[in-house]
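Undergrad: Pasting in a structure now, in structure tokens, and then I'll have a few things to ask.
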Amino acid sequence: MKKIILRNVGLFCVFVSLFSLFSCKNKNVVSSVKKETLFNLQYGSFENQLNLLNLANTGMIDTSIAMKNGFFYISNGNAKKLLEINSYGDLLTLYYNNETSVAPSLEEAVTTGNENIGASTRKSVSYAFNSPNLVAVDNRQYVYVTETLPKERQEYEDSKALWQIVLRFNSNSFVDYIGQNGPGGLPFPYIRNIYTTADNELVVVCIVMKGLEVYCFSPEGKLIHSVTIESDKVPNPYQKEMEEPMFVTVENIIPDYQDDKLWVKIDYSAVYTNEVSRVNSGIEYLHTLLYPLDITSGVYGEPIEVPAYEESVESDFTKQIYKQPYDFLGVTSNGWFFFSIPTSNGYVIQMINQSQSQVIKRLLPIDHSQIMYSNFNLSDTGIISALLAHRDKAEVVWWRTDLFIDSLLKS
């Protein structure tokens, strides 16, 4: 789907790096995809710059990226603004808080170097942002961005803190904000992600104590579906064959781009018992299934099995294979599922079609030591974009993973 965020990968990378010190050979080598740098953004307070305060503390950075039809939308929570930028790096529209930012200067045309690329009028939209973060864009070029409410406007319901809303803009102005009940509705609990579909529906996925809540809205903002997915109530086809207790985790839920269904990724683990001592020695990851859920009937369909990422480590004349579940990135308009996992030299992307007849793995090379913060996006066409924050600048890049899928469909 639209937008996916990859964060907090440091611990895993350290974990993998330690294994690599004792490894003679990594058996899980895959072909890499070339990274294309599209443009850079400088740090500062000007309209076309980013303000990423406290780079050493990534948990405090509220900056996200989305890509739609070659245009990039970057929310910058620390600067209380949202930028629409073309693939050349030209700022086309600035959504800004006029209480914290200087009114932008407008230009009649956008140029790159000495080349005029057309009569694109640079625009600005004023809105009193508090802390914009996640962003999504529909086919009408309506922009959706999550907003954190100030403390005096936050609410509580059934022990849940309700403190976020979704702002909606058209290309020229603020339209309204969407809450649980629709325009002007009750705030959401913590929003994990937002998506748009082919029919310009907005889907909001929230994290709650028991699992995940999903809200679906019409193009006009009317609530059409809501469902709560609890980890202890999802299908578990492995329970009957297991003697040990099992642990079931709903890792992510992402809406289908074309149809009225959700894709629910479930990871299954069990208590690991040492065969010699017969002592429980930890939790062992077993399987991952991706279930289609009819959002109208609430019925689960036949699942898709998602192969695990395997790291082969050789040490002292022995070899061990460590299995890890991939993270669910999204599903494209032509029905391909994307999964990712951080490794010591980047991210491994696993792409699976719905028939499970084709599985593609590719490496997105990234030097983690050079990146202070990163945010990723998967477009509905299958292009992976990213905002990579270095110490001196932010880099907007993409990987044309869609080309692999196109070549398979044409073959």
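Undergrad: Which value in nm describes the separation of the simple spin-label points at ASN139 and PHE317, placed 7 Å from the Cα toward the beta carbon?
TA: Between ASN139 and PHE317, the label points sit 6.4 nm apart.
Undergrad: Return the distance in nm (one decimal) between the two label points of a simple spin-label model at VAL299 and SER131, each offset 7 Å from Cα along Cα→Cβ.
TA: In this crude spin-label approximation the distance works out to 4.3 nm.
Undergrad: Can you give the FRET efficiency for ASN98 and ASP392, using 1/(1 + (r/R0)^6), R0 = 22 Å, r = Cβ-Cβ distance, to the nearest 0.05?
TA: Efficiency for this residue pair is about 0.15.
Undergrad: Measuring from label point to label point, each 7 Å out along Cα→Cβ, what is the GLU251 to ASN200 span in nm?
TA: Output for this residue pair reads 3.5 nm.
Undergrad: Which is the longest part of the chain that has none of the chymotrypsin sites (Phe, Trp or Tyr not before Pro) sitting in a DSSP loop with at most 11 other Cβ atoms within 10 Å?
TA: By the stated rule (loop sites, at most 11 other Cβ atoms within 10 Å), 23-316.
Undergrad: Along the charge dipole of the chain, pointing to its positive end and built from +1/-1 on Cβ of Lys, Arg, Asp and Glu, which listed residue (GLN370, SER340, LEU186) has its Cα farthest out?
TA: With unit charges placed on the Cβ atoms, the residue in question is GLN370.
Undergrad: A further question follows. Taking springs between alpha-carbon atoms closer than 10 angstrom, which of ASP176, ASP158, ASP259 fluctuates most in the Gaussian network model of the chain?
TA: ASP158
Undergrad: Rounded, prolate or oblate for the chain? Axes are the square roots of the Cα gyration tensor eigenvalues, ordered a ≥ b ≥ c, and the cut-off for rounded is a/c under 1.5.
TA: prolate
Undergrad: Pick out, in residue order, every one of the trypsin sites (Lys or Arg not before Pro) in segment 145-204 that is DSSP loop and has at most 10 other C-beta atoms within 10 Å; say none if there are none.
TA: none
Undergrad: Next question. State the extension gain, in nm to one decimal, for the chain segment bounded by GLN42 and VAL359, taking 0.36 nm per residue of separation less the distance between their alpha-carbons.
TA: That pair, GLN42 and VAL359, stretches by 110.3 nm at full extension.
Undergrad: Add -39500 (n - 2.57) for each DSSP H run of 4 or more in the chain, then divide by its residues: what number comes out at 222 nm, to the nearest 500 deg cm²/dmol?
TA: Dividing the helical sum by the residues of the chain leaves -1500 deg cm²/dmol.
Undergrad: I would also like to ask the following. Across the chain, where is the longest run that never hits GluC sites (Glu not before Pro) in a DSSP loop with at most 16 other C-beta atoms within 10 Å?
TA: Answer from the scan: 276-411.
Undergrad: Turning to a different aspect of this structure: Which entries in LYS35/LYS261; LYS233/LYS319; LYS35/LYS81; LYS68/LYS261; LYS81/LYS323 show an alpha-carbon gap greater than 29 Å?
TA: Listed pairs above 29 Å: LYS35/LYS261; LYS233/LYS319; LYS81/LYS323.
Undergrad: Would any residue of segment 240-262 have its amide N under 18 Å from a label point 7 Å out along Cα→Cβ of LYS160? List them or say none.
TA: What the label zone holds, given the 18 Å backbone N cut-off, is 250-255.
Undergrad: What percent antiparallel are the DSSP beta bridges of the chain, to the nearest 5?
TA: For the chain, the DSSP antiparallel bridge percentage is about 95.
Undergrad: Along the charge dipole of the chain, which of VAL175, TYR156, LEU134 sits closest to the positive end, that is, farthest toward it, with unit charges on the beta carbon of Lys, Arg, Asp and Glu (+1, +1, -1, -1)?
TA: LEU134
No value in this document is a laboratory result; all are computed from the given coordinates. Keep in mind the model is a prediction, meaning the values are calculated, not measured. Positions of Cβ are generated from backbone atoms using ideal geometry, with glycine treated the same way; all protein chains shown enter the neighbour counts.
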